Amino acid sequence: MIKIGIVDDHAIVRSGLRQFLSDYVDLRVVGEAANGREAIDLVRAHEIDVLIMDLAMPGQSGLDALAMLRAKAPDMGILILSGYPEEHYAINLIRQGASGYLNKECEPKEIVEAIRTIALGRRYLTPAVADLLAQQLHRKDGAPPHEQLSEREFQVFLKLARGETAGDIAKSLSLSVKTVSTYRTRLMEKMGLSSNSDLTYYALKNRLID
C-alpha cells in the first residue's frame, strides 16, 4: 500500500484527487494540507511514501517548503503537480529535491504512474522534462539567467517579483532582512537586472509568475 499526502490550496482539487486515487487498491490518501506550512505538519504527523504538492499556494508555497520537507523526510517522494508548464520550474525543482514534476493538464493516469514510480525510490521524468535535462547538459553557458540562481536565490527572486517586501520575505523564510538584501543584490548581479520592476517583468515574460 502506497501512503499518499495531498498538498493544494484548493479544496476541490484535493477532493478530486482523493476521489480519483481511491479507485486504485494500492494507493491510500492518509492526509491533506492547504499550504507548505501545513504540509510540514502533515509529514510530521503521518508516515507518507509520496507527497503530491502544488507550487503556488498562499502563505508558504510548495517551493518554500521543499527543502524543509526533504530534511524532515529524506526518503519520502515528492511529486510536484503544478499549473505551470514543465519548462518553467521542473529543472530547478528536481535539482532541489523533487522526485517528479507534472503539469495539472496531464492525463490523470499519469499521476498514478508517477506515484508508483516514485514510491519505488526512482525519479519520474516525463519525456518533456527528460528533454529539458538533456538540453541543459548541452548548453550550460546558454541557460536562462534564473536557472543559474541557487535554491535560496530563486525563492527570494520569485517573492520579490510578486511584490513582497524584504521584511515579508525575511519573515516567511526565517531570515534577517540584511540576509534577504544580500540575496537580492547577488541575484540581481547574476541576472543582470537593476530593479524589482525588472524582476517582475522578467518573471512575467518567462511565465514564472501569473
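The values are calculated or read from the model by the stated rules, or taken from the named source; none is laboratory data. Just so we're clear, the structure is a prediction, and the values are computed from it rather than from any experiment. Every residue, glycine among them, receives a Cβ derived from its backbone with ideal geometry; neighbour counts consider all protein chains shown. These accessible areas exclude ligands, DNA and RNA; they are computed on the full protein's heavy atoms, side chains included. Shrake-Rupley method; radii C 1.70, N 1.55, O 1.52, S 1.80 Å.
When the range 152-175 is examined, which residues are found to be part of a loop (DSSP other than H, G, I, E, B) and farther than 19 Å from Met68 by Cα? Talk me through it step by step, then tell me what you get.
Step one: list which residues in the range 152-175 are part of a loop (DSSP other than H, G, I, E, B), which gives 162-165, 174-175.
Once the filter is applied, which keeps residues that are part of a loop (DSSP other than H, G, I, E, B) and farther than 19 Å from Met68 by Cα, the range 152-175 yields Arg162, Gly163, Glu164, Thr165.
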When restricted to Arg152, Arg123, Arg139, the only residue within 27 Å of Arg37 (Cβ to Cβ), open to solvent by 40 Å² or more (accessible area, probe 1.4 Å) and modelled with pLDDT under 90 is Arg152
When restricted to Asp198, Asp168, the only residue under 18 Å from Pro58 (Cα atoms) and out of contact with any Pro (no Cβ under 8 Å at 6 or more places or on another chain) is Asp168
*Does the range 180-199 include one or more residues that are within 19 Å of the chain's Cα centre (by Cα) and either assigned to a loop (DSSP other than H, G, I, E, B) or among the aliphatic types (A, V, I, L, M) (or both)?*
no
Screening Ala71, Ala90 for residues that are buried (at least 24 other Cβ atoms within 10 Å of the Cβ) and either at pLDDT below 90 or within 19 Å of Ile115 (Cα to Cα) (or both) leaves only Ala90
Within the range 33-48, residues open to solvent by less than 70 Å² (accessible area, probe 1.4 Å), of a type outside the set (A, V, I, L, M, F, W, C) and not in a loop (DSSP other than H, G, I, E, B) come out as Gly36
Subset of the range 1-32, residues small (Gly, Ala, Ser) and part of a helix (DSSP H, G or I), comes to Ala11, Ser15, Gly16
